[in-house]
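No lab work stands behind these numbers, since they all come straight from the coordinates. Just so you know, these numbers come straight off a predicted model, no measurement behind them. Every residue, glycine among them, receives a Cβ derived from its backbone with ideal geometry; neighbour counts consider all protein chains shown.
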Amino acid sequence: MRVVGGVARGRVLKSPPAAVRPTLDRVKEALFSALEARGAEFDRVLDVFAGSGALGIEALSRGDGNCDFIENNTKAAAVIRENLERTGLSGRGRVHQIRVEQAPQRLTEQYTLIFADPPYEDELAIAAIERIAESSLPGPTATLVLEHSSRSETPERLGKLQLDWSRRYGDTLVAMYGVAP
């Protein structure tokens, strides 16, 4: 697992604990190509169910903004901090060791880009992401990226955000949501 673009390109990231499934490099490359083509803003990034922090770190590498990482697992949170150090991006990332459900009450920023890569088998994850999408966390031009199993259904809406792009990569489905007009 590595950073595939930007200032930290090629840097190897430490893998998270065994229970965490990292985004494959080829999926990450395709996702970020799509985000850049769509003009997504990398100013204020939120990475929930962050695992190794690979998606948020990729965004930091490609932009000049900041990222908040939400990861409840102690070992995974430590891996994110280590990966921020490895990439030289620790000054632009903050790790919050809280449950995703707590994010709307604990964070006060508005985000331009939100990544949600929950465990595939977590049935409560979509409800937590829905609460984030309904909260004040997504800014007026926000893009939310949901990565999930291609065997599960992709919601048409998440809160005030409307599905406007999705692609399947093997067992993984990546969906992008934007603020509905």
Simple spin-label estimate for D43 and E130 in nanometres, 7 Å along Cα-Cβ
3.0 nm
Would you mind checking which residues have amide H under 5 Å from A142's amide H? H placed 1.01 Å from N; only 5 or more apart, or other chain.
V179
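Per residue and in Å³, how big is the convex hull formed by the alpha-carbon atoms of the chain? Provide the component values of the computation, followed by the final result.
Values: hull volume 18.1 nm³, N = 181.
Expressed per residue, the convex hull around the Cα atoms of the chain is 100 Å³.
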Under the 0.36 nm per residue contour assumption, what length would be gained going from the current alpha-carbon distance of R86 and M1 to full extension?
29.3 nm
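Give me E156, E85, E147 sorted ascending by neighbouring Cβ count inside 10 Å, so fewest comes first. List each step's numbers first, then the result.
Working: E156 9, E85 12, E147 21.
By the 10 Å Cβ count, ascending, the order reads E156, E85, E147.
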Could you tally the net charge around V95, taking each other residue with its Cβ under 11 Å from the Cβ of V95, Lys/Arg +1 and Asp/Glu -1?
-2
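Report the gain in length on full extension from K75 to Y120: 0.36 nm times residue separation, minus Cα-Cα distance, nm rounded to one decimal.
So the chain would gain 14.3 nm between K75 and Y120.
Count neighbours as other Cβ atoms within 10 Å of each site's Cβ, and list the trypsin sites (Lys or Arg not before Pro) in the stretch 104-181 that are DSSP loop with at most 12 such neighbours. Display every interim value, and only then the final one.
Working: sites: R106, R131, R151, R157, K160, R167, R168; in loops: R151, K160.
Listed in order of number, the matching sites are R151.
With runs of 4+ DSSP H residues as the only contributors, calculate the mean residue ellipticity of the chain at 222 nm using -39,500 (n - 2.57) per run, divided by the residue total and rounded to the nearest 500. Write down the numbers at each step before the final one.
Values: 5 runs with 50 residues, N = 181.
Here the helix-only value at 222 nm equals -8000 deg cm²/dmol.
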Taking 0.36 nm per residue of separation and subtracting the Cα-Cα distance, what length does fully extending T154 through I98 add?
17.6 nm
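Can you put H148, H96 in order, fewest other beta carbons within 10 Å first? Intermediate results must be reported in sequence, preceding the final value.
On the way: H148 23, H96 19.
Ranking H148, H96 by Cβ neighbours within 10 Å, fewest first, gives H96, H148.
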per DSSP, antiparallel bridges as share of beta bridges in the chain, % nearest 5, sits at 50 percent
Distance (nanometres) between label positions extended 7 Å along Cα→Cβ at R106 and W165
3.0 nm
Sorting V27, Y177, I80 by the position of each Cα along the dipole of the stretch 25-179 (Lys, Arg +1; Asp, Glu -1; all at Cβ), the one nearest the positive end of that ordering is I80
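List R38, R62 from most exposed to least, where exposure is judged by having the fewest other Cβ atoms within 10 Å.
Values: R38 12, R62 20.
The most exposed by this proxy come first: R38, R62.
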